[in-house]
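Asker: My structure is below; once you've seen it, I'll send some questions.
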Amino acid sequence: MASASLQFFAFILALFGVFGDITATLLPNWKVNADVGSNIITAITQMQGLWMDCTWYSTGMFSCTLKYSVLSLPIYIQAARTTMVLSCILSAFGICITTVGMKCTKLGGDTDSKSHACFAGGVCFLLAGIFGLVPTSWYTREIISNFLDQTVPESSKHEPGGAIYTGFISAGFLLTAGVIFCTSCFKKQRGAWIYPPNQHHFSSTEQESNTGYNLKDYV
């Protein structure tokens, strides 16, 4: 019962991770203009994402421009696009697989099949968390290095936006869910290896009585 409750808790974490992963991928505020120097007094807020660049004016107007050209983008943005999409796909697969493999559901057949499905879903969550953590870390490193570069003008400096923080939190949820699912199945399999099923051993007298001839048959 405790293992089923733990799996359900991990499934809830995975759901939050999937939704956060998709949200972080689509949000346009991976980096925002930094309020330093002459940028402190400004009437606009510029944001840049993986798929579009947006500008928010103090009047309340909001305009965005899509990034159509892929080859013109920096390599870290191209890598972030690819890995975040892979993270969303793997996490969605993990949700489908663990739905079948969890103990609290009646899907997936026997116990061994559910255990294997649960382990496969946990691996999907782990890979999704890694694919979500790599681009957010790389993107953050580029923002910080650009911010600390003295040759970059203050108008071109940026800070990490809300999408990056969402990506970090979602990756943490997915990694935690993957670890819980994998370890819950691993403990069960390890217990089966350490304590194998009892085998019925026949005594020597029982074997002789089963395989030998009874003397009464010859009387």
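Any read-out appearing in this document is the output of simple, stated calculations on the displayed coordinates, not a laboratory observation. Everything numeric here is computed off the predicted structure, so don't read it as measured data. We place every Cβ from the backbone using ideal geometry, glycine too, and count neighbours over all the protein chains shown.
Asker: Under the rule of at least 5 residues apart or a separate chain, name every residue whose amide H is placed under 5 Å from the amide H of GLY49.
Answerer: TRP30, CYS54
Asker: Any idea how far apart ILE12 and ASP149 come out in nm if each label point goes 7 Å out from Cα toward Cβ?
Answerer: It works out to 4.5 nm between the two label points.
Asker: Based on the mean of other beta carbon atoms within 10 Å per residue, what is the order of 137-150, 57-70, 170-183, most packed first? Don't skip to the answer; put the middle values down first.
Answerer: Values: 137-150: 14.4, 57-70: 9.7, 170-183: 23.5.
Ranking the peptides 137-150, 57-70, 170-183 by packing returns 170-183, 137-150, 57-70.
Asker: Quick check: net charge around ASN146, other residues with Cβ under 15 Å of its Cβ, Lys/Arg +1 and Asp/Glu -1? Spell out each step's value before the answer.
Answerer: On the way: positive: LYS31, ARG141, LYS157; negative: GLU142, ASP149, GLU154, GLU159.
The answer is -1.
Asker: With labels modelled as points extended 7 Å from the Cα through the Cβ direction, what inter-label distance (nm, one decimal) is found for LEU86 paired with LYS106?
Answerer: Result: 4.0 nm between the two label points.
Asker: Also, quick follow-up: So how far, in whole Å, is the C-alpha centre of the range 151-167 from the one of the range 51-106?
Answerer: The range 151-167 and the range 51-106 have Cα centres separated by 18 Å.
Asker: For the pair SER5 and TYR57, what calculated FRET efficiency results from E = 1/(1 + (r/R0)^6), where r is the Cβ-Cβ distance and R0 = 41 Å, to the nearest 0.05? Could you put the intermediate results ahead of the total?
Answerer: Details: r = 49 Å, r/R0 = 1.21.
The computed FRET efficiency comes out at 0.25.
Asker: On to the next question. Amide H to amide H, which residues 5 or more places from LYS67 or on other chains are under 5 Å from it, using H placed in the peptide plane?
Answerer: MET52, ASP53
Asker: How much length, in nm to one decimal, is gained on full extension between VAL134 and SER156, taken as 0.36 nm per residue of separation minus their Cα-Cα distance?
Answerer: Numbers: separation 22, 0.36 × 22 = 7.92 nm, distance 2.42 nm.
Full extension from VAL134 to SER156 adds 5.5 nm.
Asker: So, one more: Report the net charge of residues surrounding THR99, where surrounding means a beta-carbon distance below 13 angstrom and charges are Lys +1, Arg +1, Asp -1, Glu -1. Mind dumping the intermediate values first?
Answerer: Numbers: positive: LYS103, LYS106, LYS114; negative: none.
Once positives and negatives cancel, what remains is +3.
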